[in-house]
1. Do the conditions hold for B:Ala137, that is, is it at pLDDT 95 or above, within 26 Å of B:Leu73 (Cβ to Cβ), surrounded by 18 or more Cβ atoms within 10 Å (Cβ to Cβ) and more than 36 Å from the chain's Cα centre (by Cα)?
2. Give the number of residues within the range C:46-57 that are under 13 Å from C:Val83 (Cα atoms) and facing chain B (nearest Cβ under 7 Å).
3. Is it the case, given these coordinates, that B:Ala84 is assigned by TED's automatic domain parsing to the domain that holds B:Glu143 and outside any strand (DSSP E or B)?
4. If I filter the range B:143-172 down to residues being small (Gly, Ala, Ser) and over 20 Å from B:Tyr711 (Cα atoms), which single residue comes out as modelled with the lowest pLDDT?
5. Select from the range B:21-44 the residues that are facing chain C (nearest Cβ under 7 Å) and not in a loop (DSSP other than H, G, I, E, B) and list them in ascending order.
6. Give me the residue from the range A:47-69 that is of a type in the set (A, V, I, L, M, F, W, C) and within 12 Å of chain C (Cβ to nearest Cβ) and, out of that set, surrounded by the fewest Cβ atoms within 10 Å (Cβ to Cβ).
7. Looking at the range B:757-781, which of the residues that are small (Gly, Ala, Ser) and either out of contact with any Cys (no Cβ under 8 Å at 6 or more places or on another chain) or in a loop (DSSP other than H, G, I, E, B) (or both) is modelled with the lowest pLDDT?
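The values are calculated or read from the model by the stated rules, or taken from the named source; none is laboratory data. Just so you know, these numbers come straight off a predicted model, no measurement behind them. Cβ placement follows ideal geometry from the backbone for every residue including glycine, while neighbour counts extend to all protein chains displayed.
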Amino acid sequence: MKPAPFVYHRARDAVGATRLLAELGDESKVIAGGQSLVAMMNFRLARPRHLVDVGGLRELDYLRTGPDGALRVGALTTHHTVETASDERLGSGFAVLRAAMEWVGHLPIRTRGTVGGSIAHADATAEWCLLAVALDAEMVALGPGGERRIPAADFFQGYYTSALDPDELLVEVVFPRPARYAALTEFAERRGDFATVSTVVALDLRDGAVHGGRVALGGVAPLPVRSPEAEAVLARGGPAGPELFTACAGAAAAAAGPPDGVSGDGDYRAALIRELVRRACEEAVSR
Amino acid sequence: MNDTTAAHQRATGHGRPTTPGGAWIGASVGRREDPRLLTGRGRFTDDIQLPGMLHAQFVRATVAHATVTGIDLSAVLDVPGVVAAFTAEDLELGDITARLGRPASEFVATAMPVLARDRVRFVGEPLAVVVARDAYAAEDGLEAAKVSYEPRPPVVSAARALAPGAPLVHDEAPLNTLLDVSMFATEGIDAVFDGAPHVVRVRASTGRQNALPLETRGAVASWDAREDQLLLQTCTQVPHQVRTVAARCLRLDERAVRVVVPDMGGGFGLKCVVGREEIAVAAAALRLDRPVKWIEDRKDALTASFLAREQHYDARAAFDADGRILALDADVVCDMGAYSCYPFTAGIEPLMASAEMPGVYKVPAYRVRGRAVTTNKAPTAPYRGVSRPQYVMVMERLFERAARELGMDPVEIRRRNVITDFPYTGVNRITYDPGSYRESLDLCERLVREEGWYAAREEAAAEGRHLGIGYACFSERTGYGSAAFAQRKMEVVPGFDISEVRMDTSGAVVVTTGTMSHGQSHETTMAQIVADELGLDIAKVRIHQGDTDRVTYGWGTFASRSIAVGGSAVRLAAAKLGEKLCRIAAARWELSPDAVELVTGGIRRRDGTGEVVGFPELADIAYLKAHLLPKDVEPGLSATATFDVFNDGTFSNATHGVVVELHPGTGQVEILAYLCVEDCGVAINPQVVEGQCRGGIAQGIAGALFEQVTYDDQGEPSATSFMDYKVPTAHEIPDVLIRHLQTPCAFTETGAKGAGEGGTIGAPAAVLNAVNDALRPTGTELDTTPITPETVQRAFGRTVEHPS
Amino acid sequence: MTDTAPRERQLITLDVNGERHELLIEPRRTLVDALRHDLLLTGTHVGCEHGICGACTVLVDGAPARACLMFAAQAEGARIRTVESLAEDGELSDLQRAFTEHHGLQCGFCTPGFLMLAEGFLAERPAATKEEIREVVASNLCRCTGYQTIVEAIDDCAARRRKET
């Protein structure tokens, strides 16, 4: 389990990184924290000829809040930085991100793994991908032609496939609106593993009543997906309580039609969706 | 039998006996292994660096069953950094063949070539060894190897293996059966079943597991020209057996092979058989005349190493109206994979199950058929517990099912059936030495009750939650001597152990033992035994093992034999040395040897007069002033002793109690409490015994709930990483409350019984029973492990609406 | 044979346990291999090479990290600490003492990883609860102990440190 040979390049800045990527072509790969990539390289499931290391670009390690209420997360911010961020740094209404970090691998993975790396890797069960989809994040990609912003709905395209071009570097993730009543929850047979099923629920909650919300699911498709059926139940609204949440969860489960996988067949995944969406609704309310 | 809990608590003062001059045995002496392991100064196989050392990896089969039509390594040699590559043809090695002395109708011996020649039988089977400048280049080399196959239909399950017309894994083994024994068959057993008021049946299967030492297998082979000897440094539980096989395969005298075992990162049985790779690496080192290192990577460790535990039972038990068992009839099929392991053979699992299945219960009539079948999966080795986790699980399921049918309490039905009068000779013709079966059961139930779990179960039920309580009551035969192994008709009969104790002129002693610690703390516990016997401070005692040139002979460590057998040899050798010291001291005082005695630090007159003469002073005479020795005493201070067990061995026992909560929404099984009441006779070091219990229980839980090696229908292994092979973490493994009972063994030298495997044996049964207890409202009963969340969720999904 | 990139070596500098080392290595060399086989710091172990078992856990700028999931080249400029740095003047550190007192190790293969995991975690969270410690201990695999005594050792060490300050 030793990686195949590659040529190592260290980027001096973000623009330099994109220039390197453009120069080296599609046999090159960006490495940030490397927590997924190096494992795949050790198995020789990934074998880039060139590795462009952006790990030293400290200018991409930040959490910025603005007057518009958005949270901008630098691509090289680690999971652990988010996990340990103060309310002030995180901004009002983003506690869901901090709470979600407990589900990302284990501490030694979170200290190295980055938000941008996780999203660019586009694993269908990864927490950041799910959060991005659920919370309508925008991905800021820097390429030879400058920056472009890609909405989450367009960003994820399939198993480990994103809208990033080979010469583009993901530099920032923007969460446009606070999500005060939101929660991520998931289930894996063993703590810290990739989830069998994961979900994010974000509720529009006012005066004890739900006036709409978002439900995103991971592990049910090649990419994280929203559940329009479950969101329709939330949009009809009602008191924040078991009746509404059970209905929402049921709608998500009925519509998901998840594929058979190693950890459980379709029926079981549907049952997990039902349970997890309900739990996430309850947790979202309790924030 | 004494409840030693209080005594144990008193004895856990760290690092010393509790009272000055008190016994080292029975104290939780701090481990002497720890300082080097805690500071990174242990020396494991992969830590060895030799000048000019090369690195090996193996070209492995990519199909489960095929005729090999060609191996082309020409491109391998062009890969930068690759130094050499060898096939079986290049190395001309003898095969590894394990045998039983049984008729052909019962056992078929099959050869395991060191490197596969014209046939491969499992994905991962080694075909060629590539040797390179470093481990990276060696792996580059593997990618350049070209192997051509003519595929054969793979045999991927025991059921398929036994089906008429199934393809043959070994042409010499009809019906893919390597062992087929029918035993005991008490006369009239069918009539007992016909006439019994209650007959229950359990059909159970257990998943294939990997013992999974965290350190993978590995070896460093080098030729020592000065000693005219191959030095094979390898992590094995059985160094002398590796020497024998290496010498035979390489066609060397045994003296020309020295096997040395560095620190070892666990073994659990996986390393108690002789592997093929270490022999191939030795051959490559000889061929190249350079040191060669091989460290198995995790992918190979998960797919191409030795596995265990995949068994299928169809068992029936007859009971009378009072819940007393009348008869037991079992059919046991063990899926042993592609090859018979050396020295135990593929018979190891079915023979263990067949001989010992009645366990702690008074079973009047018994019949069993045990089979080992060969399949196109990685071969097996005797993993911690060997069949006992499985047959105990089946027995405990039979009793639980009978209890349900009779409307009895599950503990009460066990109470009526456990052996209470010892020695007890069972229907399986094994004589059980005294144990505390009934007492452990009673105490465990009492603890579960005192901890409030019965009440909690009721409260939970009222709230619509699902708590379950499960037990397993079992024994574990330990201290197998030559007699017990000979009964299995092994051609290579393990059993005895040899120890040498040698004192130097400073009064310090070096002790050799044929056992092989790989985490069990022998450097501490064996030293405790010697310190007690000679009245020495433990700091003066050094244990040596794992060097075939330094240790006369040894069978290594497996089957919980080390303290019971090895510890006894160590004590006898120390006692012999003590006698010699007494004779020297007595001669000096012109007394008879009976008139002096060993005390802490030396020897004194029995009448208490005069001074204590210290060991250095006596050693001075033995070595440096030999002219002062009496005529019948030889110079030097060393003594050798052997120990063997001439009866059926000694039985440790335990009862485990488990409380689980099932979460219907996800199917998650959460262990709320785990209690263990164990009796391993005299505990040399209670802290070490508890460590063995807890570690064993964790592995048992792993088998019950998490770990399974699976294959697709072409024999391709599907668990190739730790993502798929789910070794549980601290999040899944609960704390374990342990209580000790102590029924000393009458025939080991310290009163100790073995303690290595019990935890692993009891856990699957106890967990499975607890899950089934919690599943009661669903009407579903589960008899197959691992229990997955999906199975549990489905049981609820079918039957009850869970509260939200 | 699969087409591969050229195997050029590069010169890197690593700061390990306060010492600077220059190494000429292939860029594909992982940090754990560089530590073990180039610097001969063999206390850090290799258990899986895919980031799950944690036997290779070291501190990178004070934070626990998997040395099998980093290339040595990525570690340039960082301060690396390994198990060899814990004991001072031949005296076991309080954390190491707690492990031996609680029998938190048997074969000892996973132990350096757990020690560095705990060392990094307690430095950041000295007031960690036992449950938080258990969650962090769940980062690494141990096959011998059943984890209980590892959790107890770290909890005890944390409690003693709190008492002293």
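1. The answer is no for B:Ala137.
2. Result for the range C:46-57: 1.
3. No; evaluated as a whole, the condition is false for this residue.
4. B:Gly165
5. B:Asp34, B:Pro35, B:Leu37, B:Leu38, B:Phe44
6. Initially, the range A:47-69 is screened for residues of a type in the set (A, V, I, L, M, F, W, C), giving A:51-52, A:54, A:57, A:60, A:63.
Cutting the leftovers down to within 12 Å of chain C (Cβ to nearest Cβ) gives us A:51-52, A:54.
Numbers: A:Leu51: 26, A:Val52: 24, A:Val54: 29.
Ranking the candidates gives A:Val52 first.
7. Applying the first criterion (small (Gly, Ala, Ser)) to the range B:757-781 yields B:758-759, B:762-763, B:765-766, B:770, B:774, B:779.
Retained after the next criterion (residues that are either out of contact with any Cys (no Cβ under 8 Å at 6 or more places or on another chain) or in a loop (DSSP other than H, G, I, E, B) (or both)): B:763, B:765-766, B:770, B:774, B:779.
On the way: B:Ala763: 98, B:Ala765: 98, B:Ala766: 98, B:Ala770: 98, B:Ala774: 98, B:Gly779: 93.
Checking each candidate, the answer is B:Gly779.
Matching residues to (1) surrounded by 15 or more Cβ atoms within 10 Å (Cβ to Cβ); (2) of a type outside the set (Gly, Ala, Ser); (3) part of a helix (DSSP H, G or I); (4) touching a Lys or Arg at 6+ places or on another chain (Cβ under 6 Å):
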site	(1), (2), (3), (4)
B:Ala575	yes, no, yes, no
B:Ala585	yes, no, yes, no
B:Arg604	yes, yes, no, no
B:Glu611	no, yes, no, no
